[in-house]
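*Asks:* Below is the structure I would like to discuss, written out as structure tokens.
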Amino acid sequence: MKSLFTIKDGSAAHWALRLLAAAIVVAIMLWIPTKGSNGLVTSATEALTLMSAAMALNLILGYTGQISIGHSAFYGTGAYVTAILVSKYEWSPWLTFPVAFVIAFVVGVLVSFPASRIKGVYLALVTLALALVFPNLLRWPKLESLTGGGPGLPNSDSALDTTGFDIGRREGQMRNFEIFGWDPFGDLRGQGAIPFYYWIAAGIAIIVYIVIRGVVKSRAGRSLIAVRDNETAAAVMGVNLVATKAFAFGISAGLCALPGSVTAIRLGSMSPDVATLTILGSLTFLIVMVIGGAGSLWGPVIGAALYVIVTDRTGNWADEEAIPGLLRPFFGWSKIPPGTGIFAVTLIALMFVAPRGLVGVWKQYSPRIVRVVPRPAGLAAATKPVLAAVDTNTTPEGESE
Amino acid sequence: MALFLQRLVDGLSSGSVYALIALGLVIIYRGTGHLNFAQGEMALFSAYVVYQMGEWGLPIGFALMIGLAVGFVIGAVAEVGLVRPVSKKSPFAVFIVTIGLFQLLNWLAGAIWGDQVLPNSGVGSEQQQYPSLFPDAPEDFVKVFGAAIRYQSIGVFGLTMVITGLLFLLFNKTKFGLAMRAVASNTESAKLVGIRVNTVLMVSWGLAAAIGTIGGVVFAGINNSVSLGLMFTVFIYGSAAATLGGFDSPGGAVIAGLMIGVIEGMAAGYIGFIGQEMKLAVAFIVILVVLMVKPSGLFGTAKVERV
């Protein structure tokens with residue numbers, strides 16, 4: 001296969017390319033809260049929380065190969081830990097993030113123990129049951145003193161002044177976010193609280209990305225991938241299956257709790273009816289991850305952006321008049337917004353044409369434009385024709401035209 | 001005593017629904033070895049179809065027939081068009097396809113019938129209640145030892161038993177049932193002796209979806225309404241039943257389904273700690289414990305794992 005440019009891994013050109021990509025990402029992230037409309041910023045915030053959760057799910061599903069449709073429970077754990085600590089114990093919202101991580105980490109490790117015996121779709125079944133039980137657990141009368149039962153933890157006006165749970169929604173309400181008297185977000189108040197939530201979500205997304213990148217590119221990450229590809233072989237090679245799965249589930253659950261905490265802060269209230277805490281949340285994370293690309297670092301990012309764009313655009317399509325004329329015959333008959341249907345069809349179609357998602361498609365076809373030749377692993381390998389070896393490995397299947 | 005009997009009967013009647021969903025899961029699992037996550041939503045869709053037929057004034061028996069046909073077609077098409085081509089790729093792809101199907105059917109039901117609870121006279125439903133297979137007026141019950149046993153409960157339980165019996169006859173007394181058992185036990189050998197494996201699998205999925213349809217219609221009848229979230233929890237109870245009974249044992253699925261219905265009803269009623277909110281935890285714990293301790297279930301055959 002021909003490519004327009006061939007550059008070496010680690011060369012100046014490669015670094016320039018990387019910097020360009022990073023610059024584009026930074027530019028988009030800065031442009032949205034400073035120049036975008038409030039609606040766009042809110043959508044971007046949703047996309048950021050969604051991609052954090054999907055990245056966390058990706059660690060366990062994409063990299064470790066353990067099917068989980070129970071991540072809404074971890075997400076909800078984070079949301080409720082923050083909500084409870086802030087509203088009942090008047091903690092600073094900042095401090096709830098590490099606590100949410102630790103508690104969800106422990107929950108994740110607990111889930112991992114059955115997971116080390118239960119495999120494949122059976123694990124999916126167990127986690128599905130977990131996702132369905134979780135909202136009921138929140139409604140459970142025995143826990144009502146903590147979770148507030150069915151109504152959840154409302155954002156009542158009386159609680160506002162004392163708890164600071166409604167952070168930044170009005171002027172002068174952000175004191176809980178001060179760090180030793182310094183308010184790092186003071187300058188952002190120009191546009192109200194909306195960009196403020198955006199930055200929290202962005203910070204969490206960046207942290208989640210960095211942690212997952214760190215895990216995946218380390219020895220631990222390679223053992224996760226070994227478990228995914230062949231559990232028995234991994235065990236034979238000396239990977240401790242129980243410890244590895246416990247680690248993966250713990251980190252994944254802990255990271256998934258962080259966007260949950262962001263949601264609690266953003267909404268200013270929590271109840272078991274919040275969609276991302278139910279099975280629908282789990283399915284959304286799964287869709288985002290699979291459409292973007294399971295087992296790739298950028299898959300969830302792209303998937304989340306796409307998901308939010310489509311659901312936002314089609315959100316009012318239950319009303320036939322709102323549909324752009326050309327698409328009206330296709331979606332006009334639907335009584336509910338077609339977002340779910342579009343993604344369901346996409347999900348099924350992807351399994352036929354591109355099981356590795358959009359990032360997989362990109363990886364398949366991008367070498368036509370720019371090919372990065374990996375550095376040879378050692379001196380012995382350097383003498384071999386590296387290019388030829390790469391060619392045979394990366395040439396996609398249906399490549400005949 | 002009356003209360004105990006009441007709970008027993010109620011448990012058996014909801015257990016029958018779980019048994020029907022579990023039966024569908026088991027038939028598919030025996031055929032293709034897949035766990036069909038869309039089983040509940042297939043049932044949901046055809047339950048809506050039956051509602052629509054009732055809306056058009058068809059008698060319930062006729063409506064159910066059409067619902068069964070629609071269910072069968074959905075199941076068969078899903079197997080031939082989606083699951084079969086993808087199953088060559090990876091188990092993960094099949095899992096994603098069943099999840100996609102789950103979402104698609106749920107959305108389709110919502111797109112056609114809207115996301116409110118039906119029948120709802122406020123949105124133009126002709127019917128006052130969901131078309132019921134059995135007499136379901138407030139006075140349709142018999143008193144036994146002080147417990148009010150509704151005709152509906154008796155009917156649901158009886159219907160499940162009849163279906164189980166018919167399936168038993170199908171599996172054990174017909175040539176097609178023999179073919180199904182052959183495919184379940186060894187697909188390759190079945191092919192070699194001239195069994196049309198593809199047809200068997202297609203019919204298995206169709207049959208499973210049709211049985212699910214009965215479960216969905218019966219459950220909507222018990223609930224007196226149908227809504228988009230109707231089958232979420234029923235699916236979990238059904239899978240708990242299939243797990244407990246053993247994924248390859250139809251008889252086990254029925255027994256386990258009834259057991260779970262009764263256990264759940266008793267646990268929620270007598271153990272105040274659990275209460276109505278945590279009923280679902282019973283199913284969760286059953287799935288978890290069975291998979292941990294005895295993955296083959298009570299009546300299933302243990303799977304030998306080769307390395």
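*Asks:* Counting only other chains, what is the mean number of Cβ atoms within 10 angstrom of the Cβ of each residue in peptide B:274-280? Provide the component values of the computation, followed by the final result.
*Replies:* Details: counts 2, 5, 4, 14, 8, 2, 7.
Whole-number average of other-chain Cβ neighbours for B:274-280 is 6.
*Asks:* If you don't mind, another one. Is there a simple number for the mean count of other chain Cβ atoms within 10 Å of the Cβ of residues in A:136-149, and what is it?
*Replies:* Across A:136-149, the average partner-chain Cβ count within 10 Å equals 3.
*Asks:* Then there is this: Describe numerically, in nm with one decimal, the distance between label points set 7 Å from Cα along Cα→Cβ at A:Phe113 and at B:Val144.
*Replies:* Using points 7 Å along Cα→Cβ, the separation is 4.3 nm.
*Asks:* When the helices in chain B are scored as -39500 (n - 2.57) per DSSP H run of 4 or longer and the sum is shared across all residues, what 222 nm value do you end up with, to the nearest 500 deg cm²/dmol? Mind showing how you got there, number by number?
*Replies:* Details: 12 runs with 212 residues, N = 307.
Result for chain B, helices only: -23500 deg cm²/dmol.
*Asks:* Could I ask something else about it? Quickly rank A:57-65, B:158-166, A:242-250 as a protection proxy: mean count of other C-beta atoms within 10 Å, highest first.
*Replies:* A:57-65, A:242-250, B:158-166
*Asks:* If you don't mind, there's one more thing I want to ask. Give the peptides A:253-260, A:313-320 in descending order of average Cβ contacts within 10 Å, highest first.
*Replies:* Put in order of decreasing packing, that is A:253-260, A:313-320.
*Asks:* A further question follows. Counting only other chains, and only Cβ atoms inside 10 Å, what mean value do you get across the residues of A:113-124?
*Replies:* Mean partner-chain Cβ count within 10 Å for A:113-124: 4.
*Asks:* Equivalent ellipsoid semi-axes for region B:205-307, as square roots of 5 times the alpha carbon gyration tensor eigenvalues: give them largest first, rounded to whole Å.
*Replies:* One finds semi-axes of 24, 20, 11 Å for region B:205-307.
*Asks:* Taking amide H positions as placed 1.01 Å from N in the peptide plane, with prolines and chain starts having none, which residues 5 or more places from A:Thr6, or on another chain, fall under 5 Å of its amide H?
*Replies:* A:Arg371
*Asks:* Of all the Cα-Cα pairs you can form in chain B, what percent are over 24 Å apart?
*Replies:* That tail contains 52 percent of the Cα-Cα pairs.
*Asks:* Can you sort A:Val25, B:Val83, B:Val156, A:Val288 by how many other beta carbons sit within 10 Å, fewest first?
*Replies:* A:Val25, B:Val83, B:Val156, A:Val288
*Asks:* If you find the alpha carbon centre of region A:254-303 and of region B:67-108, how far apart are they in angstrom?
*Replies:* First find each Cα centre; the distance between them is then 25 Å.
*Asks:* Additional query: Taking the Cα centre of the protein assembly as shown as origin and charging only Cβ (+1 Lys, Arg; -1 Asp, Glu), how large is the dipole, in debye to the nearest 20?
*Replies:* Details: 45 positive and 36 negative charges, 509 e Å.
That gives a dipole near 2440 debye.
*Asks:* Put +1 on the Cβ of every Lys and Arg and -1 on every Asp and Glu Cβ in the protein assembly as shown; which of A:Val111, A:Ala243, A:Pro329 then has its Cα farthest towards the positive end of the dipole?
*Replies:* Farthest towards the positive pole: A:Ala243.
*Asks:* On to the next question. To check my understanding: the extent here is largest minus smallest coordinate of the Cα atoms along each principal axis. What are those three numbers for the protein assembly as shown, in Å, largest first?
*Replies:* Per principal axis, max minus min of the Cα coordinates gives 81, 71, 56 Å.
*Asks:* Between 0 and 90 degrees, rounded to the nearest ten: what's the tilt of helix B:60-77 against the longest Cα principal axis of chain B?
*Replies:* Helix B:60-77 sits roughly 30 degrees off the main axis of chain B.
*Asks:* Still on this structure: Suppose the Debye formula is applied to equal point scatterers at every Cα of region B:1-116; what is log10 I(q)/I(0) at q = 0.09, 0.10, 0.17, 0.18 Å⁻¹?
*Replies:* These q points yield log10 I(q)/I(0) values of -0.32, -0.39, -0.92, -0.99.
*Asks:* Given the peptides A:329-341, A:229-241, A:99-111, B:33-45, arrange them by the average over their residues of other C-beta atoms within 10 Å, most packed first.
*Replies:* Result, highest mean first: B:33-45, A:99-111, A:329-341, A:229-241.
*Asks:* Which of the lysines could a cross-linker span from B:Lys294 if the Cα-Cα distance has to be under 30 Å and same-chain partners fewer than 8 positions apart are dropped?
*Replies:* Partners found: A:Lys119, A:Lys245, B:Lys88, B:Lys89, B:Lys279, B:Lys303.
FYI, it's all coordinate maths here, none of it is from the lab. Quantities reported herein were computed from a predicted structural model and do not represent experimental measurements. Cβ atoms come from the backbone with ideal geometry, glycine included; neighbour counts cover every protein chain shown.
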